[in-house]
1. Given a 1.4 Å probe and every protein chain left where it sits, what share in percent of the accessible area of the range 154-206 is carbon and sulfur?
2. Find the relative contact order for the range 19-98 and round it to a whole percent, using C-alpha pairs within less than 8 Å whose residues are 6+ positions apart.
3. Rank Glu203, Glu143 by accessible area, highest first, at a 1.4 Å probe radius?
4. Just for the chain, what percent of DSSP beta bridges are antiparallel, to the closest 5?
5. Could you give each residue of the range 147-163 its phi-based ³J(HN,Hα) in whole Hz, using Karplus coefficients 6.51, -1.76, 1.60 with θ = phi - 60°, and x for Gly or Pro?
6. Accessible area per residue for the chain in Å², computed with a 1.4 Å probe and the full protein assembly in place, what is it?
7. Based on the Cα gyration tensor of the range 35-156, what are the three equivalent ellipsoid semi-axes, each the root of five times an eigenvalue, rounded to whole Å and given largest first?
8. What is the Cα convex hull volume of the range 24-67 when expressed per residue in Å³?
Amino acid sequence: MHELCLPVGIPQNDVAILEQIVEKSPPIPKGSHLFNAGDNFSAIYVPRSGALKTVHVNEEGEQAVVGFHLPGELVGLDGLASDRHSLTAEALETTSVCRVGFDQLEAVARKIPALQRQLGRLMSKEFLKAENHLLLMGNRTAEARLAIFLISLSKRFEERGFSPVEFNLPMSRIDIAAYLGLASETVSRLFTNFRDQAMIATEGRLVTLLDLEQVQNLAGESAAEGAL
């Protein structure tokens, strides 16, 4: 799936047809933008490697991280409603992406009902993640927010064939704090507390979930399921 540059979950029968409208773009350097808020919407994107964050900037210039996007996940759906992007997508590290023109995608999907349904599910999943993220911000303690975040990453890495208990965080502590609605000092303290309780081990950005069950209990299974 990584080599094909397609979203995780696309049926194999539809891969060959969808490949025809997939364009591979040059790598995006860390800190560079894939698109900016206000840009015309013409395509959706799928990271092949690396990771992206999507950011909202309010009228006062304050930034809020609203999403992190790993290989195989859709990026750019924020422009679907108004034909203009409402968010800015920034590379967290050197990132390769595929571009899929949305008009072409719609035309192909109309010919393949199974693909149309699958894309609808993928889009719904992205919107649900955004909705659950807002609910999380208002209803969970700081400890639960970080635990849910780690469990979500664990599941997403596992879906891609990687270890669910040991993975590199492509985002900084500052980005995590902005995403979880916490101060960066709070996030650093929480990582320290989790280490002291032998729930996790960290080395740089490498995180190992030493006690997955304890992290899951802190997150709450219902809260962690698909929350982020």
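The values are calculated or read from the model by the stated rules, or taken from the named source; none is laboratory data. The structure presented is a predicted model; accordingly, all values stated were derived computationally and were not measured. Just so you know, the surface numbers come from the protein's heavy atoms only, side chains and all, with ligands and any DNA or RNA stripped out. Shrake-Rupley method; radii C 1.70, N 1.55, O 1.52, S 1.80 Å.
1. Solvent-exposed carbon and sulfur of the range 154-206 make up 51 percent of the total.
2. Averaging sequence separation for qualifying contacts and normalising by length gives 49 percent for the range 19-98.
3. My answer, sorted largest first, is Glu203, Glu143.
4. Around 100 percent of the beta bridges assigned by DSSP in the chain are antiparallel ones.
5. 4, 4, 4, 5, 5, 4, 4, 4, 5, 5, 5, 4, 4, 9, x, 9, 5
6. Here the per-residue accessible area is 49 Å².
7. Equivalent ellipsoid semi-axes, largest first: 25, 18, 15 Å.
8. It comes to 95 Å³ per residue, whole-number rounded.
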